[in-house]
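Asks: Structure provided below as structure tokens; questions to follow.
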Amino acid sequence: MTDLIKTVDVATAKQWLSSGEAILIDVREENEYAEKSVPGSILYPLSSFYPSEVPFEHGKKVIFICRSGARSARACFFFSQEHSDVEAYNLEGGILAWE
């Protein structure tokens, strides 16, 4: 599974987000998101994750984030299976790295 998942580092992700090239999907739970989140990120918890319902815009990269990168890797994998035409990335190190 992990060899099918593209990853992105924090610096590149921040660049893509600031230029409007990407959106950020946070797959943690509501309580985690309420404690700490990236401004502009979209909460879509992995516990109720349906790849077909993930909000995204065609032409933009989709970056998945969680606490450390494990849950977002799963979300990225499932999303990529459903949307093979969309560039999807797992944020290396999650929100711990973002800080």
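Each reported figure results from applying straightforward, stated rules to the coordinates on display, with no laboratory input. Bear in mind that the values here come from a model prediction, so they are computed numbers and not experimental data. Cβ: placed from backbone, ideal geometry, glycine included. Neighbour counts: every protein chain shown.
Asks: What does the net charge come to around LYS61 if you take all other residues with beta carbon closer than 11 Å to its beta carbon, with K and R at +1 and D and E at -1? Mind dumping the intermediate values first?
Replies: Details: positive: LYS6, LYS60; negative: GLU21, GLU57, GLU87.
Residues close to LYS61 contribute a combined charge of -1.
Asks: I need SER72, SER48 ordered by Cβ neighbour count within 10 Å, fewest first.
Replies: Values: SER72 28, SER48 9.
Starting with the residue having the fewest Cβ neighbours, the order is SER48, SER72.
Asks: Right, next: Can you give the charge dipole size of the range 33-99 about its Cα centre, rounded to the nearest 20 debye, using +1 on the beta carbon of Lys and Arg and -1 on the beta carbon of Asp and Glu? Can you show the working numbers first?
Replies: On the way: 6 positive and 8 negative charges, 38 e Å.
Taking the Cα centre of the range 33-99 as origin, the dipole is about 180 debye.
Asks: How big is the gap, in Å, between the Cα center of the range 19-40 and the Cα center of the range 65-79?
Replies: Cα centres, the range 19-40 to the range 65-79: 12 Å.
Asks: Can you give the translational diffusion coefficient of the chain in µm²/s, computed by Stokes-Einstein from the Kirkwood radius over Cα pairs at 10 °C and 1.306 mPa s?
Replies: Estimated diffusion coefficient is 122 µm²/s.
Asks: In the neighborhood of GLY20, defined by Cβ-to-Cβ distances under 13 Å, what is the net charge if each Lys or Arg adds +1 and each Asp or Glu adds -1?
Replies: Details: positive: LYS14, LYS60, LYS61; negative: GLU21, GLU57.
Summing Lys and Arg as +1 and Asp and Glu as -1 gives +1.
Asks: So what is the relative contact order for the chain, in percent, with contacts set as C-alpha pairs under 8 Å and at least six apart? All intermediate terms of the calculation are to be shown ahead of the outcome.
Replies: On the way: 172 pairs, mean separation 34.3, N = 99.
About 35 percent, as a whole number.
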